[in-house]
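Following: one structure in structure tokens, then a few remarks.
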Amino acid sequence: VMLGNSLTHGVNWNELLGRESISEQGIPSDITAGVLNRMKYVHDVNPKICFIMIGVNDIFSWIPLETVFDNYVKIIESLKKKNIIPIIQSVLYAGEIQPSAENRNIEIVKFNKQLAKYSADNGIEFVDLNRKMSRSNFLKSNLTYDGIHLNGEGFKLWGREVDKILRKFSL
């Protein structure tokens, strides 16, 4: 399962990764509370693994990081209770053309540090997409068409990272 918001929803994951078994569950404008409320739909497809990228809409809506993190932990716990392998992906930075990007990216840095620490402390794979997709804490302009959503090049990069994890877990 690819779980998230419009970023996740922006591509046909089966086509991108050359597979037929991926359930894309990205809902545009979704926040962590929304994902938490729809975990039943993730459980219903009984996946072996779930890639999560959620939080940018929370942060741009000024939802406190403590609330966002608490919801995120509940999402992970929900997956683990169903023996689904959670994969935490960093929240992508906004591009420089986005209003409030510099301010909100500071919060994204803090949130990603929380996610990385939580992952390390709990033996969960953490995929730092910003390492390859950003420069100076901004999403690279050649990977986006509006400073938030990815273009084809951005999705190819993301897809390669997802494929590495799937191979690591022999999936």
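The values are calculated or read from the model by the stated rules, or taken from the named source; none is laboratory data. All figures in this text were calculated on a predicted structure; none of them were measured in a lab. When we count neighbours, we look across all protein chains shown, and the Cβ atoms used for this are built from the backbone with ideal geometry, even at glycine. Keep in mind that these areas ignore ligands, DNA and RNA; they rest on the heavy atoms of the full protein, side chains included. Shrake-Rupley method; radii C 1.70, N 1.55, O 1.52, S 1.80 Å.
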Answer residue from the stretch 1-18, given it is in a helix (DSSP H, G or I) and in contact with a His (Cβ under 9 Å, 6 or more places away or on another chain) and is farthest from Asn151 (Cα to Cα) among those: Ser6
Within the stretch 93-113, which residues are within 16 Å of the chain's Cα centre (by Cα) and either among the acidic types (Asp, Glu) or farther than 20 Å from Thr8 by Cβ (or both)? Glu107, Val109, Lys110, Lys113
Has the stretch 43-52 got any residue that is touching a Phe, Trp or Tyr at 6+ places or on another chain (Cβ under 9 Å), at pLDDT 95 or above and open to solvent by 70 Å² or more (accessible area, probe 1.4 Å)? yes
Within the stretch 68-79, the residues that are in contact (Cβ under 8 Å) with a residue 12 or more places away in the chain and out of contact with any strand residue (DSSP E or B) (no Cβ under 6 Å at 6 or more places or on another chain) are Val68, Phe69, Asn71, Tyr72, Val73, Lys74, Ile75, Ser78
Among the candidates Glu153, Glu161, single out the residue that is part of a helix (DSSP H, G or I), open to solvent by 50 Å² or more (accessible area, probe 1.4 Å), within 23 Å of Arg19 (Cα to Cα) and of a type in the set (Asp, Glu). Glu153
Taking the conditions exactly as written (in a helix (DSSP H, G or I) and of a type in the set (Gly, Ala, Ser)), does Ser21 satisfy them or not? no
If the Cβ limit is 9 Å and pairs must be 6+ apart or interchain, which residue in the stretch 15-37 that is at positive phi pairs with which residue that is part of a loop (DSSP other than H, G, I, E, B) and surrounded by 12 or more Cβ atoms within 10 Å (Cβ to Cβ)? Ser29/Asn5
Restricted to the stretch 69-128, and to residues that are of a type in the set (S, T, N, Q) and outside any helix (DSSP H, G or I), which residue is surrounded by the most Cβ atoms within 10 Å (Cβ to Cβ)? Gln89
Filter the stretch 27-38 down to residues that are surrounded by fewer than 20 Cβ atoms within 10 Å (Cβ to Cβ) and either of a type in the set (A, V, I, L, M, F, W, C) or touching a strand residue (DSSP E or B) at 6+ places or on another chain (Cβ under 6 Å) (or both) and give me whichever is farthest from Asn57 (Cα to Cα). Leu36
